Each structure stands twice: as C-alpha cells, then as structure tokens.
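Below: the structure, in structure tokens.
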Amino acid sequence: MTDAAAPTRETDPLGVSPVAAAMKASLHGDRIYHVLTTAFAAAVPLLLLLIAISIGLAAWPALSLAGLSFITASEWDVAAGQFGAAPAIYGTLVSSAIALVLATPLALGVSIFLSEIAPKWLRQPVGFLVDLLAAIPSVVYGLWGIFVLIPLMRDPVGPFLRETLGLAKTPMFSGPNYGYSMLAAGVILAIMILPFISAVTREVLLAVPRSQREAALALGATRWEMIRDAVLPFARSGIIGGIILGLGRALGETMAVTMLIGNRPEISASLFAPGYTMASLIANEFSEATSDMHLSALMAVGAVLFVVTLIVNAIARWLVWRVTKGAR
Amino acid sequence: MSRRRRQAQSVMMISMTYAAAAIATLPLLLILLHLLREGAAFIRPGFFTEMPMPVGEDGGGMANAIVGTLILVGVASVIGLPIGIGAGMYLAERRGAPFATAVRFLSDVLNGLPSIVLGIFAWEFLVRPFGGFSAMAGGLALGAMMIPLVTRTTEEMIRLVPVSLREAALALGYTRWRTSMTIVLRTALPGIVTGALVAIARIAGETAPLLFTALGNQFWSTSLDEPIAALPLQIFSYAISPYDTAHAQAWAGALVLIAIVLVISLIARYATRSRFGLGGD
C-alpha cells in the first residue's frame with residue numbers, strides 16, 4: 001500500500017520543494033515503520049522455528065538411536081539406559097481422555113446456559129466465575145489436589161465407584177487406590193480445561209444467527225428443541241474445535257498433573273494406578289538427568305509433545321475459524 | 001411425542017444446564033475457600049519481608065520469591081511486550097496479506113504450545129551454552145509465552161479503532177507511520193495495556209517453564225545470570241515436601257500468588273469494560 005501511494009505524492013502538482021522534501025522524509029518514516037513492524041511480526045515464526053530446531057537437534061541422538069521404537073517401547077529405565085516413551089504417551093492420552101469426558105458435557109451445559117438460557121443478570125457473574133478458573137495457576141491446582149482431591153479420591157470416590165456402582169471387577173477400576181492416580185490427574189485436568197472449552201463454545205454459540213433460533217421457535221419448537229435442532233448443529237464444528245483446543249491444553253499441562261499422577265512409568269489398565277505423562281516426565285527428570293542420552297531422550301519426549309500439540313491445535317483453530325468466519 | 005412430554009423434556013434439559021453451571025462454578029469456590037482457610041492464618045507482614053526458614057522450622061517468609069517473580073515478569077515483559085505489540089500492529093494493518101495470515105496462525109500455534117516445551121527450549125538456548133541456570137533463561141521462557149497473547153489482543157484492540165479516525169489523520173496530511181503511532185496506537189493504548197496485564201497475570205503463575213531455567217533459589221538474589229527464586233517454584237517445592245510447616249507456607253504462598261493474579265486480572269477486566277464497553281462479552 002505504501003508503495004502504491006508513493007508515486008502520486010512525488011508528482012505533487014504544486015511541486016513546492018519544501019513540501020516535497022518533507023514528504024520524502026516522511027516516506028522514509030513510512031518505510032522504517034513498515035520494516036520495523038514486519039520484523040516484529042517475523043519474530044513469531046522465527047521463534048517457533050528456533051524452538052523446533054533447537055529441540056529437534058537436542059532430541060536427535062535419542063531419536064536416531066531408538067528410531068520408531070522410541071514411541072512404542074514401554075521400558076523407561078534410566079539406570080539401564082532404556083528409553084521407551086510409550087508409558088508417558090499412554091498416560092498423556094488417558095489422562096487427557098478422562099479430562100475431556102468429564103469436562104465436555106459440563107462445558108457444553110454451561111455455555112448453553114450462558115448463551116441461551118440464563119437471565120441477563122446471571123450471565124456476567126457466572127461467565128466471570130467460569131473464566132476465573134483459567135486464571136488459577138497450575139501449581140495452585142496441584143497444591144489443592146494434593147491436600148483436597150487426593151484424600152477425596154481415596155474416600156469416598158474410590159469406594160463409591162467400586163462398591164456403590166459395582167465397578168470393582170472391571171480392570172479400569174481395580175487394584176490398590178493410593179489416591180495419586182491417572183484418575184486424579186484426569187479430574188484436575190477436567191477442571192483446568194473447562195474454561196477453555198466453555199469460552200470457545202460460548203463464542204461459537206453467540207455466532208449462530210438469531211434468525212435460526214426464531215425460525216425454530218416459530219415452527220413450534222420448545223426451547224430445548226430449538227437449541228438441539230437449530231443452534232447446536234449450526235455451531236457443531238466450532239464446538240468440536242473448542243473441545244480439541246481443550247485437548248491441546250490437557251496434553252501439555254504440567255504442574256498439576258506432575259503433583260497428582262504419581263509419576264510411575266508403567267502402563268496399567270487401572271485408572272487408580274499411578275502413571276506418567278510426557279510433560280510430567282520432563283518436569284520430574286530433566287533437572288536430574290546427568291547422562292547425555294537421558295537428556296536427549298527427555299528432549300525427544302518434548303519433541304513428541306511439541307508435534308502432537310501442534311497438530312491438535314492446528315485442527316482446532318481450523319474448525320473454530322470455519323464457524324466464526326461467517327459471523328464477523 | 002405429545003406436546004406435554006416435549007415441554008417436560010425441554011424443562012428437564014434446561015434445568016440440566018442450570019446444574020452444569022452450578023457444578024462448573026463449584027471447584028473455583030472450593031479452591032478459593034480452601035486457600036483462604038489454610039493460607040490466611042500465615043499471612044503476616046513478615047511473610048513479605050523475611051527470607052524462607054530452613055525446612056522444618058516455623059516462620060519465615062517469601063521475600064526473595066516475591067521479588068524473584070517480579071524480576072522474572074519484568075524480563076519477560078521486556079522480551080514479550082515489544083515483539084507482541086509490534087507484531088499485533090503489523091497484523092492489524094495488513095489484515096489480508098498472506099504473511100499476516102501465516103503469522104496469525106503461527107502465533108496461535110505458539111500460544112498452544114505447552115509451557116514446559118518453552119522451558120526446555122530456554123534451557124537449550126540459554127542454560128546449556130552458558131553453563132548455568134539463570135533468571136535470564138526463565139525470563140526468556142516466560143517472554144516467549146507472552147508474545148502470542150500480546151499479539152492477539154493488540155491486533156484486536158487496534159481493529160476496534162474506527163477507520164474514520166485513521167482516514168481523518170491521513171487526510172490532514174499525516175504520514176502512515178505517524179498516524180499509526182500517534183493516532184491509532186494512542187487510541188488503542190488502554191486496550192493494549194489491558195492485554196499486557198492479562199498476559200502478565202497468566203505468566204506470573206507459571207511454574208513449568210521455570211523448573212530448569214530460573215531453577216529457584218533459597219537465598220537472596222536479584223542478578224539475571226544467577227538462579228532466582230519465584231513464588232510458583234517455592235509453592236511447588238513446599239507442596240511436595242513432607243513437612244507440615246512447609247505445607248502451611250505453600251498455602252500462604254498460593255494465596256499471595258492468586259491474589260496477585262486475580263488483582264491484575266480484575267484491573268484488566270475493569271479497564272477494558274470502562275473503555276470499550278465489552279468487558280463481559
């Protein structure tokens with residue numbers, strides 16, 4: 001745009017030299033301004049590239065040694081020099097899955113409540129409280145988890161699931177229950193990603209045109225039928241995007257999970273068993289890693305985490321963008 | 001289905017959304033109440049001015065951690081704010097350009113990266129080559145987290161500035177850069193400050209990127225090339241220690257940390273609402 005404007009200004013019909021000189025000087029200013037802001041904008045992709053390259057290079061020794069078995073091998077034994085990331089990958093997936101299962105219906109319910117149902121005076125305060133969940137630092141969630149959630153998991157949650165609901169026989173809920181477990185990590189993650197899913201879902205629901213709702217009501221739909229048949233289908237891919245965005249958060253969440261999951265590199269079918277996630281594995285072992293290969297293996301775990309969250313986020317952004325682009 | 005059954009179903013589903021709202025706000029209230037109950041008793045003036053006591057002993061404060069967090073946030077702001085605001089200005093002015101679209105997307109990607117990944121990046125970039133943990137490395141990790149947050153809000157705030165304002169300045173003979181710097185940026189400044197505050201509130205409570213960059217420090221240190229204490233790190237190490245006195249300190253620290261974060265968030269929220277009238281969606 002700057003370049004297109006330049007010639008017309010230089011062929012100033014008056015041709016008064018001081019004005020022309022001043023304009024020339026200011027066009028220099030335009031150029032400098034443009035170069036500077038472009039440089040700042042370019043810093044974002046550069047930073048991302050720098051992160052990818054430096055982690056990739058540091059991870060290379062471990063990845064090239066183990067090859068694909070790095071993500072399939074289930075033996076993580078530092079002393080023996082064996083680094084299989086499967087338990088951490090499994091733990092990351094399972095704890096995030098628990099979080100999604102618990103948080104999605106709640107987040108959907110809250111968002112529908114806030115965008116369609118709540119009386120005006122309730123919308124602000126409730127929305128604010130849900131948003132505040134996102135402002136609580138991860139380490140505070142972890143602290144609360146250790147002293148409140150973990151005891152609750154031992155009793156009454158554990159006995160309730162096993163005896164009252166009769167799930168003790170299923171492998172998912174068998175074995176000893178120390179409290180520190182995949183399930184505890186999943187529950188805290190659910191609380192932590194709830195505000196992210198609900199924020200996106202609310203935004204998407206608000207993007208649904210009014211006419212859509214009015215048409216449904218005019219056809220005789222009840223309020224719920226209007227939401228189910230007119231609003232939700234319209235917002236579907238955006239809601240899915242919000243859920244995936246929450247998944248991205250859950251995959252990489254570190255502190256609260258590290259403090260609650262029990263940190264044991266084993267794959268166990270039981271949700272009461274301790275586990276590990278990629279992020280908590282790095283958090284726990286990185287500062288104690290002495291051998292080069294151990295460090296490189298942890299960097300490789302970081303690289304896997306990087307790639308996974310990158311893909312998950314890209315999909316989520318694309319889905320949300322598809323719904324909201326029409327509304328702007 | 002009969003009309004009555006449909007109505008009943010509707011009422012039931014709507015009450016379920018009420019229930020969802022109640023359940024979703026419950027954890028926040030539980031956490032805040034518990035924090036107040038456990039932490040408030042240990043907050044006294046000395047908590048802000050004294051150094052931590054050796055493990056297992058009563059008393060002591062977190063003066064070094066509070067100052068350390070301020071320093072880390074300062075370093076992060078020096079890195080994150082100029083880049084974030086500059087990139088945001090670029091994005092707002094070159095809305096449709098392919099490069100702008102790419103930068104916007106990559107900034108979202110950066111925003112979605114787990115903070116621990118930024119931590120190992122800062123370690124690889126500043127700790128490994130220079131042979132030691134440092135406040136500088138911690139600040140870099142936090143600053144990298146800030147960039148996408150600030151970029152996003154700056155872009156959105158600049159877009160809120162009416163085009164007519166920009167056109168008026170250009171028509172009066174202002175050059176583009178002076179229009180952007182003195183008219184547009186000035187008008188959007190309160191919003192940009194709000195965005196910066198939100199970003200600061202977010203990084204002030206981060207622990208994971210500091211674990212192997214700033215590392216934490218039991219002693220007084222304000223130098224940028226030494227390990228430095230930080231409130232979240234201190235809370236973490238107290239929380240996982242076996243001593244009750246340490247747990248009490250962790251609760252008190254968490255209360256202070258949350259108070260800092262909430263106050264900054266509230267200021268930011270209030271400032272946006274009064275200026276643009278969009279505080280609550």
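Quick note: the coordinates plus some simple rules give every number you see, no bench work behind them. Computed from a predicted model, the values in this text were never measured in an experiment. All Cβ positions, glycine included, derive from the backbone under ideal geometry; neighbour counts span all protein chains shown.
Report relative contact order for the range B:34-174 in percent, whole number only (criteria: Cα-Cα under 8 Å, sequence separation at least 6). Numbers along the way, then the final one.
Values: 129 pairs, mean separation 41.3, N = 141.
So the answer I get is 29 percent.
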* Among the lysines, which fall within straight-line cross-link reach of A:Lys325, defined as a Cα-Cα distance under 24 Å, with same-chain neighbours fewer than 8 residues apart omitted? -> none
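Filter the DSSP H helices in chain B by two things, a Kyte-Doolittle mean of at least 1.0 and an axial alpha-carbon span of 30 angstrom or more, and list the hits by number. Before the final figure, lay out each step's value.
On the way: long enough: B:3-39 (54 Å, 0.60); B:63-93 (44 Å, 1.66); B:135-160 (37 Å, 0.86); B:244-276 (47 Å, 1.02).
Flagged H segments are B:63-93, B:244-276.
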* Structure fact -> Under 14 Å by backbone N from the virtual spin label 7 Å along Cα-to-Cβ at A:Leu165, the residues of the range A:257-297 are A:271-272
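Return the FRET efficiency for the residue pair B:Ala271, B:Val11: r is the Cβ-Cβ distance, R0 is 30 Å, and the value is rounded to the nearest 0.05.
On the way: r = 41 Å, r/R0 = 1.35.
According to the calculation, E is roughly 0.15.
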* Take every residue in peptide B:9-22, count the Cβ atoms of other chains within 10 Å of its Cβ, and give the average of those counts. => 6
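Explain nothing, just the number: dipole magnitude of the protein assembly as shown about its Cα centre with +1 on each Lys and Arg Cβ and -1 on each Asp and Glu Cβ, in debye rounded to the nearest 20. Working shown, then result.
On the way: 40 positive and 34 negative charges, 557 e Å.
In total the dipole reaches around 2680 debye.
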* Asked: For the protein assembly as shown, what is Rg from Cα atoms divided by 2.2 N^0.38 Å, rounded to two decimals?
  -> 1.04
* To do: Please list B:61-74, A:36-49 highest first by mean number of surrounding beta-carbon atoms within 10 Å per residue.
  => B:61-74, A:36-49
* Structure fact -> Expected unfolding gain across A:Ala73-A:Arg322 under the 0.36 nm per residue rule, minus the alpha-carbon gap, is 85.8 nm
* In deg cm²/dmol and to the nearest 500, what is the mean residue ellipticity at 222 nm of chain B if only DSSP H runs of at least 4 residues count, each as -39500 (n - 2.57), divided by the residue total? -> -23500 deg cm²/dmol
* Asked: What is the magnitude of the charge dipole of the range B:48-186 about its Cα centre, with +1 placed on the Cβ of each Lys and Arg, -1 on the Cβ of each Asp and Glu, and no other charges, expressed in debye to the nearest 20?
  -> 880
* Model label zone, B:Asp244; criterion: amide N under 20 Å from point 7 Å along Cα-to-beta-carbon; scope the range B:14-37 -> B:34-37
* Asked: In nm, what is the difference between 0.36 nm times the number of residues separating B:Arg4 and B:Glu226 and their Cα-Cα distance?
  -> 72.8 nm
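Could you put B:Tyr174, A:Tyr180, A:Tyr276 in order, starting from the residue whose Cβ has the fewest other Cβ atoms within 10 Å?
Working: B:Tyr174 17, A:Tyr180 23, A:Tyr276 30.
Exposure proxy ranking, most exposed first: B:Tyr174, A:Tyr180, A:Tyr276.
Among B:Met51, B:Met146, A:Met182, A:Met278, rank each residue by its count of other Cβ atoms within 10 Å, from fewest to most, as a rough exposure measure.
Numbers: B:Met51 14, B:Met146 24, A:Met182 27, A:Met278 31.
Listed from fewest to most nearby Cβ atoms, that is B:Met51, B:Met146, A:Met182, A:Met278.
Determine the shielding of peptide A:105-117 by partner chains: average, over its residues, the number of Cβ atoms on other chains within 10 angstrom of each Cβ.
5
Quantify how strongly other chains surround peptide B:100-112 by giving the mean number of their Cβ atoms within 10 Å of each of its Cβ atoms. Numbers along the way, then the final one.
Values: counts 2, 0, 3, 7, 3, 7, 8, 5, 8, 10, 7, 3, 12.
Mean partner shielding for this stretch: 6.
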* For the range A:171-307, treating each Cα as an identical point scatterer without solvent, what Debye log10 I(q)/I(0) comes out at q = 0.14, 0.15, 0.22 1/Å? -> -0.77, -0.82, -1.20
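Under the 0.36 nm per residue contour assumption, what length would be gained going from the current alpha-carbon distance of B:Leu160 and B:Asn111 to full extension? Before the final figure, lay out the partial values.
Values: separation 49, 0.36 × 49 = 17.64 nm, distance 2.23 nm.
Extra length available between B:Leu160 and B:Asn111 comes to 15.4 nm.
Mean Kyte-Doolittle of at least 1.6 plus a Cα span of 24 Å or more along the axis: flag which DSSP H helices in chain A meet both, please. Each step should come with its number before you reach the end.
Working: long enough: A:17-66 (71 Å, 1.32); A:86-112 (38 Å, 1.73); A:182-206 (35 Å, 2.08); A:232-252 (30 Å, 1.23); A:292-324 (47 Å, 1.50).
Both cut-offs are met by A:86-112, A:182-206.
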* Coil-residue chymotrypsin sites (Phe, Trp or Tyr not before Pro) of the range A:108-140, DSSP, other Cβ within 10 Å capped at 10 -> none
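Kindly provide the helix-only [θ] at 222 nm of chain A, computed as the sum of -39,500 (n - 2.57) over DSSP H runs of four or more divided by all residues, to the nearest 500 deg cm²/dmol? Working shown, then result.
On the way: 13 runs with 216 residues, N = 328.
Here the helix-only value at 222 nm equals -22000 deg cm²/dmol.
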* Asked: Put +1 on the Cβ of each Lys and Arg and -1 on the Cβ of each Asp and Glu in the range B:46-276; which of B:Met62, B:Leu231, B:Ser77 then has its Cα farthest toward the positive end of the dipole?
  -> B:Ser77
